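Since every read-out is calculated from the coordinates, none of them should be taken as a lab result. These numbers come from a predicted model, not from an experiment. All Cβ positions, even for glycine, are placed from backbone atoms using ideal geometry, and neighbour counts span all protein chains on display.
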Amino acid sequence: MFATPPSRVAHANAVATGHRAMNVRRALSFVLLALCGCSAGTAAAPVAPAPPVVPPVVWTTNAISAPRVQYRTFSSVIARATVSYHVYTPPQYDSDAARRFPVLYWLHGSGGGLGGISVLAAYFDDAIRAGRIPPMLVVFPNGMASSMWADSKDGRVPMESMVVRDLVPHVDATFRTVATRDGRLLEGFSMGGYGASRWGLRYPDVFAAMSMFAAGPLDLDFNGPRATGNPAERAQILREVYSDDMTYYVAQNPFTVAEQYAATIRGTPRALTRFRQVVGSLDFTLPANEEFRAHVTRLAIAQEYTLVPNVGHDTMALLEALGERNFAFYRAVFAAR
């Protein structure tokens, strides 16, 4: 038996179907070529990856409303922009117009520090009113969300230079301060502790005393718990602050700055009068902080180290757990003021 040949209609339908399919494929090919910006017969050019989005540099924040806290701005030559900051003034600033006051510069942690200003200002205000610490100004610079309180390698955010060389002189010119190194204390938490430790060791001519709370990142490879747990954040900070240059990262690390301090400043009249390191026993930064403590000890740099039991990565929990020891530290720093 032989198979019956297909009918003309079936054959015509098959041919038409084939033509339609070919036309559809041809039309689709022209659409794809048009989308690629190519002409027929021309190979599609490779598409370059989109460059990373570079966020704008914003040097001003919203104003925080809190008792005895002022929102101020000034024109920074180094930042080439208007820069904001907050400042707490003690009650005595209003009642004794002839008096000059020491200044505590508080460096906030990552994410920006606006949320902590009112709480910290109230903490210092209560202690001053109770006579536990001497009257002082507390300046809260704007360190942005993740500047690391460092000069970015690409020059876009000269945070360190702006504060040390522009903001400090501005505060002295604007308020009745003790405008010498003995009238300035540098303190910070987390990212702010990282910044305070670097600046204190790098600029003892500007700040006579330095205090670092739960500082980080202190590890030389930037692979601590916070970094490995947030790889996207780590990549962003490495790119925006250090231009993906680990040599620059290491040069800004407190381990490196401590070595420079030991080689040039330790034991001289320029040395820090007080150097404090505080961390909680439940803090994820504890291992790196203990390594830094050991490093400082090997370098024979005088330091006060306090391990606070049962406290994690929490600014106010550390301050409250320290209690009288914290007040005694401030009194010692500003004993002659």
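Dividing the convex hull volume of the Cα atoms of the range 175-315 by its residue count, what figure in Å³ per residue is obtained? Spell out each step's value before the answer.
Working: hull volume 16.9 nm³, N = 141.
Per residue, the Cα convex hull of the range 175-315 comes to 120 Å³.
How high is the FRET efficiency from Ala179 to Glu290, r the C-beta distance, R0 25 Å, rounded to 0.05?
Efficiency computed from Cβ-Cβ geometry: 0.10.
Note down the relative contact order for the range 135-181 as a percent, whole number, built from C-alpha pairs under 8 angstrom at least six residues apart.
Answer for the range 135-181 is 23 percent.
What nm distance separates the two modelled labels at Thr60 and Ser281, each placed 7 Å from Cα along Cα→Cβ?
Using points 7 Å along Cα→Cβ, the separation is 4.8 nm.
Multiplying the sequence separation of Ala251 and Ala235 by 0.36 nm and subtracting their Cα-Cα distance, what value in nm do you get?
Length difference between fully extended and current span is 4.0 nm.
Can you compute 3J(HN,Hα) from phi for each residue in the range 68-80, using the Karplus curve 6.51 cos²θ - 1.76 cosθ + 1.60 with θ = phi - 60°, rounded to whole Hz and x for Gly and Pro?
6, 10, 10, 9, 10, 10, 8, 8, 8, 5, 5, 6, 6
Please identify every one of the trypsin sites (Lys or Arg not before Pro) in the range 176-221 that sits in a loop by DSSP and has no more than 15 other beta carbons within 10 Å of its own beta carbon.
For trypsin sites (Lys or Arg not before Pro) across the range 176-221 that sit outside H, G, I, E and B with at most 15 neighbouring Cβ atoms in 10 Å, the list reads Arg176.
Sorted from largest down, give the three principal axis spans of the alpha carbons of the range 69-333, whole angstrom values.
Here the spans come out as 51, 43, 38 Å, largest first.
Per 5 Å bin, what percent of the C-alpha pairs of the range 101-257 does each bin hold, from zero upward?
Taking every Cα pair in the range 101-257, the percentages come to 2, 9, 18, 23, 20, 13, 8, 5, 2, 0.
I'd like the distance between the alpha-carbon centres of the range 129-150 and the range 154-216, rounded to an integer number of Å.
Result: 10 Å between the Cα centres.
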